[in-house]
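One structure is given here, and the rest of the page talks about it.
The values are calculated or read from the model by the stated rules, or taken from the named source; none is laboratory data. Keep in mind it's a predicted model, so treat the numbers as computed, not measured. Here the Cβ positions follow ideal geometry from the backbone for every residue, glycine too, while neighbour counts run over all protein chains shown.
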Amino acid sequence: MEISAAIAQSLNLPSHGVEATLKLLAEGATIPFISRYRKEVTGSLNEVQIFEIDQMARQLEELAKRKETVKATIQELGKLTEELSRKIDETTTIASLEDIYLPFKPKRRTRATIARENGLEPLARMIMGHGLRQTPLAAASRFTGNNIPDAESALSGARDIIAEWVSESESARRTVRQLFERNALIETKVAKEHIDDTRYSDYHNYSGDLKRCPSHRYLAIRRAEAEGILRVTINIDPQQATDRLNRIFCSNISPLATDTVKEAVGDSYKRLLKPSIENETASMAKERADKAAIDVFADNLRQLLMAPPLGPHNVMGIDPGFRTGCKVVCLDEAGKLLYHDVIYPTAPRMDLAGAERKIKELTKRFNVVAIAVGNGTASRETERFLKEIKWDATAPDIHIVNEAGASVYSASELARKEFPDQDVTVRGAVSIGRRLMDPMAELVKIDPKSIGVGQYQHDVDQSALKRSLDNTVTCCVNSVGVNLNTASPQLLSYVSGIGPKLADAIVEYRQSNGKFKTRSQLLNVPRLGNKVYTQAAGFLRIPNGDNPLDNTAVHPERYQLVNTMAKDANCTVEELIKQPQTRKSIDLKRYVSSDVGMPTLRDIMEELERPGRDPRGEVSNITFDDTITDITDLKPGMKLPGIVNNITAFGAFVDLGIHHSGLIHLSQMSSRYISHPNEVLKLGQHVNVTVIEVDLERKRIGLSIK
């Protein structure tokens, strides 16, 4: 089956759309570009579907390469037949391909190898034949001598050869694999030296159905195994397995050989087949768990990146602290550092008067409209201090900002390059302030794994995680669009078709030549040609530029179409944007052509209706309960406001304004059945929760929103 047809069948997508998508990807088109600007070609496939097509195509290409390697190896052995070649071509999974290849694989020295060297393969063939006329032991007596002292030794060697044949049989491996897929149990035993260890205590001496084992549980068990706390096995009923195998290998042999073959089958299952298929099953379970965990991480990251921005305003960023004080920075509307200082409104100094004087002075001096306070140590104390200030004029809005990863940024090479004369505390406060202004623009500077919105991110396949998170960031950045005249190199690098080197080149050109006035000026940037321009232009915005369409997601390749619409409506493009009635009077069907359909035309009209719009919405604020500052203040039954700060497969964590987040377990989210927290909650969502449990010893807080 062709790759496009196989993908279409597997993902249940139209074959013409898959084929067109693969062609565009091969030509170098990016996922955001295909999704946004080639809807007529793909049948309006979305970014998630295109990413899945791309991933599956890579897997099938790897499978195809492996098939060629296997065939070439078997050909070198002189054993590649037409039937075998056809069977290899028709296989659809790596597992089944490796089953075919197994008998031809170079082997280490085994018991079966030694038996063959001692001339016992003919005896094994006699036993497996249907014409045996004497007992296997009697037949074995003819094979004694040299290294074979007696008939029993000969028979034992023959059984070793038969056991290896069984373990290399496609039908045997398929049978055992199916049993593991359907019936496998994952079982754990706590190591004696860790019997009093409370970590992973939920999984001490655990047993459960593997196919129903949630991703987070499987990854936790495997982590505990890697740390030596648990011993983990994956098992099926051995009697059921050997019965199935016996039906395969004992159905066409002499009754005289049945007991001998059954003994060989049992040995093969226990010594060869089970360990092999158990490892394979564990690997497949790990892949499934990885995918589920990566999907959760990507979804959380998407929500975090798409958090509403405050926008271009002068802000103050505060990184709270106790002994070392609170680091204060003032930023202009572009995020430029204007001033920094330290105040001490918290213990041990408690210089409330001096801190208030400084904050009021800086707020007035730099026209601060909002204050961003990091949600780490001393956050609540700092927030309370700010709210108690007696402001001379309108008080700035106070926002608690998730500072996860800010310390990573502050110590990074990028931060050192941007602020070579400032220490990490100032850089961290700058990051906190900028996160309020534009979360996406700041978070793209940090490795997504350091943002802390996933589960077991260090345990999953790191290359698969990176691909997924990079794709998530890219799709988010391009769905919002990027201001060409203010974007950092890091933000520009995620724009469709650009990448880090061209991003640096764009910024250098901007610094040398001033702001871009038109998108077409991008073609003057060194090494940025027509192909990149086509991929990138629609996602770059120029507010107040020479062409109003440059501040929309309308692609330059459709400018002439919009000009024609305006001309037909007897107005300019500017008037078309400003006059809703004129736009409503346009009959889009008039403009359908061989390469422009209704999906593109509707997208164009939507952009003309709201040019330069930000799909992320408006920032909102939350006020935590002032009476709660520590976990010891919590009591079951309390109702409190909070912010969802992480979502996993089993529940959602909520920031209550204290050092420890509470957990809303999946079972405490709704009275109806839900399969995942994201059916009810989103990252950054403001919620009202009820405290149902407080475990002071383990620092765990149970919450409910039922």
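Of all residues in segment 677-706, those that are assigned to a loop (DSSP other than H, G, I, E, B) have Cβ atoms under 7 Å from Cβ atoms of residues that are surrounded by fewer than 17 Cβ atoms within 10 Å (Cβ to Cβ) and small (Gly, Ala, Ser), 6 or more apart or on another chain, in 680/670; 706/670; 706/671. Kindly list, by first and then second residue, each pair from a residue in segment 318-331 that is over 14 Å from residue 422 (Cα atoms) to a residue that is assigned to a loop (DSSP other than H, G, I, E, B) and not aromatic (Phe, Trp, Tyr), limited to pairs with Cβ atoms under 6 Å and residues at least 6 apart or on different chains. Close Cβ pairs satisfying both conditions: 320/378; 321/378; 322/346; 322/347; 322/378; 326/320. Close contacts from segment 449-461, counting a first residue that is without any contact (Cβ under 8 Å) to a residue 24 or more places away in the chain and a second that is assigned to a loop (DSSP other than H, G, I, E, B), with Cβ to Cβ under 6 Å and a gap of 6+ residues or different chains, come to 449/457. Candidates 163, 95, 139: the one that is touching a residue at least 24 places away in the same chain (Cβ under 8 Å) and surrounded by 18 or more Cβ atoms within 10 Å (Cβ to Cβ) is 163. Being closer than 18 Å to residue 551 by Cα, aliphatic (A, V, I, L, M) and modelled with pLDDT of 95 or more, is that true of even one residue in segment 592-603? Checked segment 592-603: at least one residue is closer than 18 Å to residue 551 by Cα, aliphatic (A, V, I, L, M) and modelled with pLDDT of 95 or more.
Residues in segment 216-233: is at least one among the polar types (S, T, N, Q) and within 30 Å of residue 126 (Cα to Cα)? Scanning segment 216-233 turns up no residue that is among the polar types (S, T, N, Q) and within 30 Å of residue 126 (Cα to Cα). Against the definition (touching a residue at least 60 places away in the same chain (Cβ under 8 Å), under 30 Å from residue 618 (Cβ atoms), polar (S, T, N, Q) and in a helix (DSSP H, G or I)), how does residue 240 come out, yes or no? Here the answer is no, as residue 240 does not meet what is asked. Applying the criterion of being within 17 Å of residue 334 (Cβ to Cβ) and assigned by TED's automatic domain parsing to the domain that holds residue 543 to the residues of segment 487-513, the residue that is surrounded by the fewest Cβ atoms within 10 Å (Cβ to Cβ) is 511. Checked against the criteria, residue 465 does not count as of a type outside the set (Ser, Thr, Tyr), buried (at least 24 other Cβ atoms within 10 Å of the Cβ) and not assigned by TED's automatic domain parsing to the domain that holds residue 335. Checking the structure you have, find out if any residue of segment 4-22 is over 30 Å from residue 86 (Cβ atoms), surrounded by fewer than 18 Cβ atoms within 10 Å (Cβ to Cβ) and touching a residue at least 40 places away in the same chain (Cβ under 8 Å). No, every residue in segment 4-22 fails to be over 30 Å from residue 86 (Cβ atoms), surrounded by fewer than 18 Cβ atoms within 10 Å (Cβ to Cβ) and touching a residue at least 40 places away in the same chain (Cβ under 8 Å). Among the criteria (1) buried (at least 19 other Cβ atoms within 10 Å of the Cβ); (2) of a type in the set (A, V, I, L, M); (3) in contact (Cβ under 8 Å) with a residue 40 or more places away in the chain; (4) more than 29 Å from residue 169 (Cα to Cα), the one residue 221 does not fulfil is (3).
Taking (1) among the hydrophobic types (A, V, I, L, M, F, W, C); (2) assigned to a loop (DSSP other than H, G, I, E, B); (3) surrounded by fewer than 20 Cβ atoms within 10 Å (Cβ to Cβ) in turn, residue 516 satisfies each apart from (3).
The residues in segment 342-356 that are surrounded by fewer than 17 Cβ atoms within 10 Å (Cβ to Cβ) and outside any helix (DSSP H, G or I) can be counted, and the count is 6.
Just one of the listed residues (120, 155) is buried (at least 21 other Cβ atoms within 10 Å of the Cβ), over 19 Å from residue 278 (Cβ atoms) and in contact with a strand residue (DSSP E or B) (Cβ under 9 Å, 6 or more places away or on another chain), namely 120. When 507, 482 are checked against the criterion of being within 16 Å of residue 538 (Cβ to Cβ) and at pLDDT 95 or above, a single residue qualifies: 482. Within segment 480-509, the set of residues being out of contact with any Ser or Thr (no Cβ under 9 Å at 6 or more places or on another chain) and assigned to a helix (DSSP H, G or I) comprises 480, 489, 490, 491, 492, 505, 506, 508, 509. The selection criterion, being farther than 30 Å from residue 282 by Cβ, without any contact (Cβ under 8 Å) to a residue 12 or more places away in the chain and surrounded by fewer than 19 Cβ atoms within 10 Å (Cβ to Cβ), does not hold for residue 113. In this structure, is residue 163 at pLDDT 95 or above and assigned to a helix (DSSP H, G or I)? It is true that residue 163 is at pLDDT 95 or above and assigned to a helix (DSSP H, G or I). Do we find a residue being on the phi > 0 side of the Ramachandran plot and within 19 Å of the chain's Cα centre (by Cα) anywhere in segment 445-456? Yes.
Being part of a loop (DSSP other than H, G, I, E, B), more than 40 Å from the chain's Cα centre (by Cα) and surrounded by fewer than 16 Cβ atoms within 10 Å (Cβ to Cβ) is a property that residue 563 lacks. For beta carbons closer than 8 Å, sequence separation of 6+ or different chains, a first residue in segment 404-425 that is over 30 Å from residue 653 (Cα atoms) and a second that is assigned to a loop (DSSP other than H, G, I, E, B), the qualifying pairs are 414/445.
The set of residues in segment 23-45 that are outside any helix (DSSP H, G or I) and exposed (fewer than 14 other Cβ atoms within 10 Å of the Cβ) comprises 27, 28.
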